[in-house]
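Single-structure report; data block below.
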Amino acid sequence: MAAVLALTAAFLFAVAATLQQKGALKLDGVSLAHPISLVRLAGQRMWLFGTAALLVGYAFQAAALDRGRLAIIQPLLVTTIVFALPLGWWLTNQKVGRREVIGAAVILLGLGAFTIYGDPAGGNDNAPNDQWAIAIVVLAAICAGLLVYGRNGAPTKVAAVYGAVAGILFGLSAALTKPTVEFLHQGVGEMLSHWQCYALAVAGVLGFVLQQVSLGTGRLAPSVATVSVANPVVSVLLGIAIFDERLSRPTWHVVVAVSSLVVALVGAVVISLATGDRPEPQPDPGDPSTALA
C-alpha cells in the first residue's frame, strides 16, 4: 500500500510540474530577481491546477511515509520523470526522443529491482535535535553553493541547478514529514508544539518556489529529472544517517538494491542531459491567451 501511495504521489507531482510549466510559459520569465514574476503565476489557470495537483500529491506522499520507510518511499518518486515525459509531450510540446525513452526504461528497471531487494529494517520516526541540526546546516550549505553556481547560465543549466536545490529541500521536507505525521496522530496541538512541522513548512515552501523558477525556464525534463534525483538521494542518506534505517540482509540483497537505485538515478541523469542541446519549448500557438499576447 505504501508503494502504491508513493507511485500515485509521483504521478500527481508529474501532472503538477507539467501544468505549472504550461502556466509559466505564458509569462516573460520567472526569476527570484523579480519576485513579482512569482506572483503573476497565481493568475495562470493552468498553474493553479498544477498547484492543486501538487498539494494532493503531498497528501499521498505523507500517507506513504506514514506507512513505509523513507529509504524505500522516496526513491519511488523518481518515477515522476517517467510520468512527466508523455505529459510534457502532450501539454507543452516537449521533445521526447530515443534517449529519453531509454532513460525512462532504465529508471523503471532499476526501481523495480530496488523495490524487490531493498527491504529496510529497523528505523525510527524521529531523530535527536543535534542530529537534525547538523543535517539541516549541511544541506543548507550545499543549497547555497548550488544557488550561487546556477544563478547565471543557459536555461538548461538554470533548470537543472534550481531543480536540484528544490529536490534537496523536498528530500529534507520528506524526512521532516515522518515525525510531523507521528505527532499529528497524537493531536494537532501536539504537532504544533514541535519545531519539525514549522521546519517542514519552510523547507516545503522554499522548495516549491525554487521549483517554479526551474520550471519557468521552459526545460521540463532537466528540471523534473534533477528534482527526482536529488530528492531520493537526500532522503535515503537522511534515513540511514538519522533514522537508523538499514536495507535488508543478506549482504547481496543490499548490493543489488543499492546498485539498482544507482541505475535508476543514472536513467534520470540521461534524461536530463538528453535535452541539453535542444531549443526551448514554446506554448501552443493555438492557445487563445498566447495569441492575445
| task | Determine, for S173, S235, the number of other Cβ atoms within 10 Å of each Cβ, and report the residues in order from fewest to most. | result | S173, S235
| field | Within the stretch 39-181: Cβ-based charge dipole about Cα centre, in debye rounded to nearest 20 (Lys, Arg +1; Asp, Glu -1) | value | 600
| query | Going by how many other Cβ atoms sit within 10 Å of their own, how do W195, W132 line up, fewest first? | reply | W195, W132
| field | Cβ-based exposure ranking for K22, K95, in which fewest neighbours within 10 Å come first | value | K95, K22
| 15 Å tail of the calculated P(r), the stretch 136-223, as % of Cα pairs | 59
| message | Run the numbers for V101 and S193: contour at 0.36 nm per residue of separation, minus the present Cα-Cα distance, in nm. | response | 28.4 nm
| Hey, if you drop one equal point scatterer on each alpha-carbon of the stretch 46-113 and run the Debye formula without solvent, what base-10 log of I(q)/I(0) do you get at q = 0.11, 0.16, 0.19 Å⁻¹? | -0.35, -0.70, -0.91
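Computed from the coordinates by the stated procedures, all read-outs in this text should not be read as laboratory data. Nothing here was measured: the structure is a model prediction, and the numbers come from that model. Using ideal geometry, Cβ is built from the backbone for each residue, glycine included, and neighbour counts are taken over all protein chains shown.
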